[in-house]
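Participant: The structure that follows is given in the form of structure tokens.
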Amino acid sequence: MKTQNDNESIPLNQGNINCHIPDDVCRQARLSRDARFDGRFFIGVKTTGIYCRSICPASPPKEHNVVYFDSSIKAAEAGLRPCLRCRPDSAPQSNAWKGTSSSLQRAINLIDHGCLTGENAESLTDLATRLGISSRYLTKLFNQQLGTSPKKYALYRQLMFAKQLLHQTQLPITDVAMAAGFNSIRRFNEVFKSQLQLTPSQLRRSLSPSKSSKLSESNKDKGAQGINLLLDYRPPYDWPQLWAFYQVRAVEGMEWLNEDNHAYGRSFSIVFDELEIRGTFEVAEVKGKNQLSLAVQFEDEQHIGYLFQVVQYVRKILDLDADMEVIEASFEPLTSMGMKVASGLRIPATASVFEAGCRAVLGQQVSVVQASKLLNVLAVNYGDKAVIGHREILFFPKPQQVAAAGLDEFKMPGARKRALNGLGEFVAHNPLSSPEAWIEVKGIGPWTIAYAKMRGESDPNIFLAGDLVIKNRIKALIAKQDLALGTATEFTAKDYQQLAEKISQQVSPWGSYLTFQLWKNDEN
DNA sequence: CGGAATTAATG
DNA sequence: CATTCTCCTGGG
């Protein structure tokens, strides 16, 4: 008896299976510098020992000198150094495994959000425990899928971030090391040199002077102190659309918007075991570049060591790493029914799950405009204030503050006030709970929870089939189809449920994106 | 820069 | 799970 276990015995030194995208697709993409492939594969050049993004402005190397990798870490593991022109460090993250709920994916997510990085870094064992697996299995997964260890992966991400800071900011090198989460400059220099074959100061000196002066000028424009960076994304990204979404829901003092450059800023507060990191971030459109500019200010400048985490946090809020090409392809079942796709529509998240929950509760049964009026009252009456960069900034109320809020000034049903208080109390007592657990709170139902998961946890797979707007949109699509085909579909509530179930499966794991599409569609 | 202490990788 | 090996950091 022979067992078929080809998949089990993947050799650790993966020979020519570095890239899951076919070579000829990669070749075409790199020759046309196709931004849609940015971050989905990397080009290693054997002769120079350098690896690039698909959009690299350098003249393309000959095909026979080229090796393709599906992740930048694999290229780095092969002994190649990141290109100084296209800067693979700031490429959008996109990986074949994205959107799966595997332990590996969750581990990568946590590491990308800095859990192994910085002064109070978690140990590998802690991380493994959090995922419910052994540390042994975790390292095994990394070796199988990425060809490297968790620690090396984390280090590589730190290093790439440091490189980005050296390129894009004027920060002193010690600050760069701290901001990237290194605890000693000694180690920073060592790792940097081993991977990039340059010292940090050499890299900074090698910058073209025109570029750095341009950057500092644009920083002056905003009059902004703090740290300015550029965030790359892979098109399509309809930022003005997201900007508008935030605009109608904005809380004055906590969020601010500027129509001219589609700037959006807000306060944030992130808690890392006991330590609260507060500050503001502001993003704005960079025309024609597939980038947003980002300015971060910490309330306490000592917290610069958390910059890496903050940048990841912003990327998540603005959904910069979504792979829209894959996501939009999954809409096919509905586009074939005549749904128009608003391309580049991503999931605008909130600063915390709790905030998403409050927004959801205050949005029950009322219009968006009314909901944001209520939200403004809540924030201004119960939230903290602090001065950051000569400006008074409002923070979204903490769970404790909402729990204790009198809410007498609110014109809404008592039941909803109690739901809001109850939510605050519940989250205050179970700060790490997921929205699913909120079902215990009276007045919080499945819709509220689903909304919180979508906007608060960036869960990509929330298809709100029961939402009234969604229901109407789908019914309208059926009617449209009937009209075109001359048929008349019988449509009971049960039929709808079945259809919704089917759609939900077809679009999985991207249900949230379809939800937003259908909401958007309704506005037209 | 070197080396002691600690943590991660591996069979 | 025990051994080897790499990483990390405080001090010279």
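Participant: When you go through A:Leu124, A:Leu116, A:Leu196, A:Leu141 one by one, which is the residue that is among the aliphatic types (A, V, I, L, M), away from DNA strand C (no atom under 14 Å from the Cβ) and in contact with a helix residue (DSSP H, G or I) (Cβ under 6 Å, 6 or more places away or on another chain)?
Facilitator: One residue alone meets the criteria, A:Leu141.
Participant: On the basis of being of a type outside the set (Lys, Arg), in contact with a Lys or Arg (Cβ under 8 Å, 6 or more places away or on another chain) and modelled with pLDDT under 85, does A:Ser94 make the cut?
Facilitator: It is true that A:Ser94 is of a type outside the set (Lys, Arg), in contact with a Lys or Arg (Cβ under 8 Å, 6 or more places away or on another chain) and modelled with pLDDT under 85.
Participant: Taking the residues in segment A:177-193 that are closer than 19 Å to A:Leu84 by Cα and buried (at least 16 other Cβ atoms within 10 Å of the Cβ) as candidates, determine which candidate is nearest to DNA strand B (Cβ to nearest atom).
Facilitator: The extreme case among them is A:Asn189.
Participant: When you check A:Trp519 against the structure, is it surrounded by 14 or more Cβ atoms within 10 Å (Cβ to Cβ), touching a helix residue (DSSP H, G or I) at 6+ places or on another chain (Cβ under 7 Å) and at pLDDT below 95, yes or no?
Facilitator: Values: surrounded by 14 or more Cβ atoms within 10 Å (Cβ to Cβ): yes; touching a helix residue (DSSP H, G or I) at 6+ places or on another chain (Cβ under 7 Å): yes; at pLDDT below 95: yes.
Criteria met by A:Trp519.
Participant: Follow-up. Out of the helices (runs of 4 or more DSSP H) lying entirely within segment A:113-175, which hold 1 or more residues that are touching a residue at least 40 places away in the same chain (Cβ under 8 Å) and more than 9 Å from DNA strand B (Cβ to nearest atom)?
Facilitator: Working: elements: A:124-131, A:135-146, A:150-168.
Those helices (runs of 4 or more DSSP H) span A:135-146, A:150-168.
Participant: For segment A:380-391, enumerate the residues that are in contact with a Gly (Cβ under 7 Å, 6 or more places away or on another chain) and either buried (at least 19 other Cβ atoms within 10 Å of the Cβ) or not small (Gly, Ala, Ser) (or both).
Facilitator: So the first thing to find is which residues in segment A:380-391 are in contact with a Gly (Cβ under 7 Å, 6 or more places away or on another chain), and the list is A:380, A:388-389.
Across segment A:380-391, the qualifying residues are A:Val380, A:Ile388.
Participant: A further question follows. Out of segment A:410-436, which residues are surrounded by fewer than 18 Cβ atoms within 10 Å (Cβ to Cβ) and outside any loop (DSSP other than H, G, I, E, B)?
Facilitator: A:Gly414, A:Ala415, A:Lys417, A:Arg418, A:Glu425, A:Ala428, A:His429, A:Glu436
Participant: Can we say A:Val326 is surrounded by fewer than 21 Cβ atoms within 10 Å (Cβ to Cβ) and not in a helix (DSSP H, G or I)?
Facilitator: On the way: surrounded by fewer than 21 Cβ atoms within 10 Å (Cβ to Cβ): yes; not in a helix (DSSP H, G or I): no.
No.
Participant: Here's a follow-up. Is it true that A:Glu63 is at pLDDT below 90 and among the acidic types (Asp, Glu)? Before you say what the answer is, go through the steps one by one.
Facilitator: On the way: at pLDDT below 90: no; among the acidic types (Asp, Glu): yes.
No: the conditions fail for A:Glu63.
Participant: I've got another one for you. Condition test on A:Thr350, is it in contact (Cβ under 8 Å) with a residue 60 or more places away in the chain, among the hydroxyl-bearing types (Ser, Thr, Tyr), in contact with a helix residue (DSSP H, G or I) (Cβ under 7 Å, 6 or more places away or on another chain) and buried (at least 21 other Cβ atoms within 10 Å of the Cβ)? Steps first, please.
Facilitator: Values: in contact (Cβ under 8 Å) with a residue 60 or more places away in the chain: yes; among the hydroxyl-bearing types (Ser, Thr, Tyr): yes; in contact with a helix residue (DSSP H, G or I) (Cβ under 7 Å, 6 or more places away or on another chain): yes; buried (at least 21 other Cβ atoms within 10 Å of the Cβ): yes.
So A:Thr350 fits the description; yes.
Participant: For the list (1) over 15 Å from A:Ser72 (Cα atoms); (2) in contact (Cβ under 8 Å) with a residue 60 or more places away in the chain; (3) more than 16 Å from DNA strand B (Cβ to nearest atom), I need the number of the one condition that A:Gln197 fails.
Facilitator: (3)
Participant: Take segment A:258-268 and flag every residue that is crowded, with 17+ Cβ neighbours inside 10 Å and either of a type in the set (Ser, Thr, Tyr) or over 30 Å from A:Glu122 (Cα atoms) (or both). Give the steps one after another, and end with the answer.
Facilitator: Of segment A:258-268, the ones crowded, with 17+ Cβ neighbours inside 10 Å are A:262-268.
A:His262, A:Ala263, A:Tyr264, A:Gly265, A:Ser267 - these are the residues of segment A:258-268 that are crowded, with 17+ Cβ neighbours inside 10 Å and either of a type in the set (Ser, Thr, Tyr) or over 30 Å from A:Glu122 (Cα atoms) (or both).
Participant: Let me ask something else. Within segment A:19-65, can you find the residues that are among the polar types (S, T, N, Q), in a loop (DSSP other than H, G, I, E, B) and closer than 26 Å to A:Asp321 by Cβ? Let's see the steps before the verdict.
Facilitator: So the first thing to find is which residues in segment A:19-65 are among the polar types (S, T, N, Q), and the list is A:28, A:32, A:47-48, A:54, A:59, A:65.
Among the residues that remain, those that are also in a loop (DSSP other than H, G, I, E, B) are: A:32, A:47-48, A:54, A:59.
Answer for segment A:19-65, where residues must be among the polar types (S, T, N, Q), in a loop (DSSP other than H, G, I, E, B) and closer than 26 Å to A:Asp321 by Cβ: A:Ser32, A:Ser54.
The values are calculated or read from the model by the stated rules, or taken from the named source; none is laboratory data. Bear in mind the structure is a predicted one, so any value in this text is a computation, not a measurement. Positions of Cβ are generated from backbone atoms using ideal geometry, with glycine treated the same way; all protein chains shown enter the neighbour counts.
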